[in-house]
1. When both residues are 6+ apart or on different chains and their Cβ atoms are under 7 Å apart, which pairs have a first residue that lies in the range 156-174 and is charged (D, E, K, R), and a second that is surrounded by 15 or more Cβ atoms within 10 Å (Cβ to Cβ) and in a strand (DSSP E or B)?
2. Identify the residue in the range 131-145 that is of a type in the set (D, E, K, R) and part of a helix (DSSP H, G or I) and, among all such residues, is surrounded by the most Cβ atoms within 10 Å (Cβ to Cβ).
3. List the pairs whose first member sits in the range 34-47 and is among the hydroxyl-bearing types (Ser, Thr, Tyr), whose second member is in a loop (DSSP other than H, G, I, E, B), and whose Cβ atoms are under 7 Å apart, counting only residues at least 6 apart or on separate chains?
4. Looking only at the range 1-27, count how many residues are within 12 Å of the chain's Cα centre (by Cα) and in a strand (DSSP E or B).
5. When both residues are 6+ apart or on different chains and their Cβ atoms are under 6 Å apart, which pairs have a first residue that lies in the range 135-146 and is more than 14 Å from residue 110 (Cα to Cα), and a second that is among the hydroxyl-bearing types (Ser, Thr, Tyr) and surrounded by fewer than 22 Cβ atoms within 10 Å (Cβ to Cβ)?
6. In the range 113-127, which residues are within 19 Å of residue 38 (Cα to Cα) and either buried (at least 21 other Cβ atoms within 10 Å of the Cβ) or of a type in the set (Val, Ile, Thr) (or both)?
7. Can we say residue 38 is of a type in the set (A, V, I, L, M, F, W, C) and either more than 24 Å from residue 175 (Cα to Cα) or within 12 Å of the chain's Cα centre (by Cα) (or both)?
Amino acid sequence: MRALFIVDLQNDFLPNGALPTPKGDIIIPVLNKIMDKFDFVLASKDWHLEKTSHFEKWPVHCVQNSYGAEFPKELNSEKIDKVFLKGTEDTDDGYSAFEATNENLTNFLRSNDINEIYFSGLTAEYCVKQSVLDSVKNGFKTFVIKDAVEGIYQNVNDVEDAFNEMEKAGAIILTSDEI
């Protein structure tokens, strides 16, 4: 079985959000187009408390039950089979989807015979990268859909460096047309 995994495609990470990716919205049509190619569509959400030490490093974003923490209305979110919540505790930054607190992602994947994971989402240099690296470490065949991932671009080479690091770790980088 194979799964599309959408990392943190939430309103606060879109261009007008609290912690924006400059072009984060361009991946939505790509995702809507490819969702039906997978046995499962899974997603993660940053799900932060109103007050957390995480906000000492970052602007306030993706607060539990807020508009900013929701999926954008343009995303066909009704096709998402399961959402994994991360960053839910004060001491939990929740960069990786494998740190989900509502359900153990590794156990879910194994119990559903999912052995291939295709990652997409926001942001390339943080949450996507950590999720991909953890997927490889956990022994899953791991893919990154390059045209379905965007970054914050705090530094000019951050996104390119993230893709290089994911590939070096063992992830296969491809485009949505190659699926």
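1. Taking only residues 6 or more apart or on different chains, the pairs are 167/173.
2. Ranking the qualifying residues of the range 131-145, first place goes to 134.
3. So the pair list comes out as 44/8; 44/100.
4. The number of residues fulfilling the criteria is 4.
5. These pairs meet every condition: 145/176; 146/175.
6. 114, 117, 118, 119, 120, 121
7. Here the answer is no, as residue 38 does not meet what is asked.
Only the coordinates and a few stated rules stand behind these numbers; no lab work does. Worth saying up front: this structure is predicted, and the values here are computed from it rather than measured. Virtual Cβ from ideal backbone geometry, glycine too; neighbours counted across all protein chains shown.
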